[in-house]
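Engineer: Right, I'll just put the structure down here and ask away after.
The values are calculated or read from the model by the stated rules, or taken from the named source; none is laboratory data. Because the structure is predicted, anything quoted here is derived from the model rather than measured. All Cβ positions, glycine included, derive from the backbone under ideal geometry; neighbour counts span all protein chains shown. Just the protein is used for accessible areas: all its heavy atoms, side chains included, with ligands, DNA and RNA removed. Shrake-Rupley method; radii C 1.70, N 1.55, O 1.52, S 1.80 Å.
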Amino acid sequence: MKDLVGLGHLFVVAFLFHFSSFMVLPAITDVTMEAVCPGRDECSVAIYLSGFQNAITGLGALVVTPIVGNLSDKYGRKALMTLPVTVAILPLFILACNRSEVYFYAYYVMKILAGIFCEGSIHCLSLAYVADHVGTKRRAAAFGLLSGVSAAGFLSGTLTARFLATSSTFQVAAAVGAAGAIYLRAFVPDSGAAVSFHDDACDPLLQDSSCSSAASSSASSDEELSPRLPPYKGVLPSPSDMVALLTGSLTLSTAAMITFFYSLGEHGLQTALLVSSSISYCLMSKLTIVWNLN
């Protein structure tokens, strides 16, 4: 239980990051409509821009996330976690300054670049950090706590946005994101390949009677259960290394498929939120017109 309590600082950073990221989700539809199609209730260009952004972000994250994870084995989780947490602040800061057409397209480009580094990096680095500090018997509980904290940040950010003006939403989100980055550098202890948690007892799934007797018999099983990229030697892993990593283990390839469909559903939820915000925007516009006519 002590190791779970020691992850409190990481949970605070995860909450602040998701709070600031999802706070702007309900407001971004109005900003997009006003910048790209001012005065119109429907805008196909906004839909195309959103689809292009998701496609480029997903492809970029597919390449960048394994590289960031591999570099964290060399330089530590905290150092690499600072990158996505800091980069995520930049697009929020742009719209916090202004929401005109020029600023929107600057936000759009920066959001794509930030998404490439943040889409999967912050999640995988957080899980790796938890795995470094928590024993195997309690990792499932720790992963569940991390997911619960992230979901709490999503819910809190979405609810908070309902009580703020559009201009204030981006300012508050940028301030919360900056607070998360500062908190990460100030309070979260570093972790890396040299810092890992060791259980006092062996994993019961890999032993027969004692740790020493099971060491030789479980060596091949460990390779199958824990495939990994080649160790960092100053050269980034190639795409062939990543493909070999996925295809070299049935367990890992199955987990990758589950993650794909989970991410597909999650992005569908975000799209539904954007659509509902767009419908609300159209209804409010029509009600305003009717009110002015009367």
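Engineer: Among the numbered criteria (1) open to solvent by 30 Å² or more (accessible area, probe 1.4 Å); (2) at positive phi, which one does Gly76 miss?
Structural biologist: (1)
Engineer: Could you list, in sequence order, all residues of segment 52-73 that are open to solvent by 40 Å² or more (accessible area, probe 1.4 Å) and under 21 Å from Arg185 (Cα atoms)?
Structural biologist: Across segment 52-73, the qualifying residue is only Asp73.
Engineer: May I ask you to verify whether Thr32 is touching a Ser or Thr at 6+ places or on another chain (Cβ under 9 Å) and of a type in the set (Ser, Thr, Tyr)?
Structural biologist: Against the criterion (touching a Ser or Thr at 6+ places or on another chain (Cβ under 9 Å) and of a type in the set (Ser, Thr, Tyr)), Thr32 qualifies.
Engineer: Restricting to segment 28-48, count the residues that are modelled with pLDDT under 85 and open to solvent by less than 70 Å² (accessible area, probe 1.4 Å).
Structural biologist: 9
Engineer: What number of residues within segment 23-44 satisfy the criterion of being outside any loop (DSSP other than H, G, I, E, B) and over 18 Å from Leu95 (Cβ atoms)?
Structural biologist: Number of matching residues: 1.
Engineer: While we're on this one: Taking the condition of being surrounded by fewer than 18 Cβ atoms within 10 Å (Cβ to Cβ), over 23 Å from Ser168 (Cβ atoms) and touching a residue at least 40 places away in the same chain (Cβ under 8 Å), how many residues in segment 79-112 meet it?
Structural biologist: Residues meeting the conditions: 3.
Engineer: Moving on to the next point. Step by step: first the residues of segment 127-171, then only those that are of a type in the set (Val, Ile, Thr) and assigned to a helix (DSSP H, G or I), then the one that is farthest from Thr65 (Cα to Cα). Which residue is that?
Structural biologist: Thr166
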